[in-house]
Amino acid sequence: MPIKYYEAPDVQDLAQRIVAQLEFRHIDLNGTYCYRSRNSKSKRTVARIHSLSKVWQKALNRSASYLIEVISERYDRLSQEEKEKVLIHELLHIPKGFAGGFRPHRGNITRKKIDALHQKFAARIG
Ligand SMILES: [Zn+2]
């Protein structure tokens, strides 16, 4: 079965709430898309982030855009809290400049940091 992609308004909504509550002001929500995939061959991935690289931005005359893909078979069965943490993780890959590149895991995206941000998010949404 080939991989298929579907718009994911539920993921978009959650990402929007996280960006708002955690005040990730560098993230342009109009340039951030969320999709759900089915039939991905990757066995362990829950979500991943894609971007329109600088050269594609130039070729297509488009501004920077990011796309969070959640893998339906694994993401959908997570608890709400786990989903929130997965999206916090993916959003942390978006660098301050929102230019098309990525921030790496090392030093940026750690379990400890995600847990701390999630605690803040949970406290704010009450
Ligand atoms: Zn990651």
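The values are calculated or read from the model by the stated rules, or taken from the named source; none is laboratory data. These numbers were taken from a predicted model, which means no experiment stands behind them. Here the Cβ positions follow ideal geometry from the backbone for every residue, glycine too, while neighbour counts run over all protein chains shown. All accessible areas refer to the heavy atoms of the entire protein, side chains included, with ligands and DNA or RNA removed. Shrake-Rupley method; radii C 1.70, N 1.55, O 1.52, S 1.80 Å.
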So, over other residues within a Cβ distance under 12 Å of Ser65, counting Lys, Arg +1 and Asp, Glu -1, the net charge is +1
Among Lys43, Lys85, Lys54, the residue with the largest mean-square fluctuation in a Gaussian network model of the chain built from Cα contacts under 10 Å is Lys43
Length-normalised contact order of the chain, Cα under 8 Å, at least 6 apart, in percent, tallies to 27 percent
Ranking Val70, Val46 from most to least accessible area with a 1.4 Å probe gives Val46, Val70
Magnitude of the Cβ-charge dipole (Lys and Arg +1, Asp and Glu -1) of the chain about the Cα centre, nearest 20 debye, reported as 540 debye
log10 I(q)/I(0) for the chain, Debye formula on C-alpha points only (no solvent), q = 0.11, 0.16, 0.18 Å⁻¹, two decimals, reads -0.37, -0.80, -1.01
For the chain, dividing by residue count, accessible area per residue (probe 1.4 Å) in Å² works out to 62 Å²
Quick calc: nm separation of the 7 Å Cα→Cβ label points for Lys43 and Arg106 -> 2.6 nm
Other residues with Cβ under 13 Å from the Cβ of His93 give, with Lys and Arg +1 and Asp and Glu -1, a net charge of +3
Checking the stretch 1-41 for trypsin sites (Lys or Arg not before Pro) in a loop per DSSP with at most 16 other beta-carbon atoms within 10 Å yields Arg25, Lys41
Of the candidates Phe102, Ile27, Pro9, the farthest towards the positive dipole end of the stretch 5-104 (Lys/Arg Cβ +1, Asp/Glu Cβ -1, centred on the Cα centre) is Phe102
Excluding ligands, DNA and RNA, the carbon-plus-sulfur percentage of the accessible area of the chain with a 1.4 Å probe reads 52 percent
Charge dipole of the chain built from unit charges on the beta carbon (Lys, Arg +1; Asp, Glu -1), centred at mean Cα; most positive-end Cα among Leu87, Ile125, Ile18 is Leu87
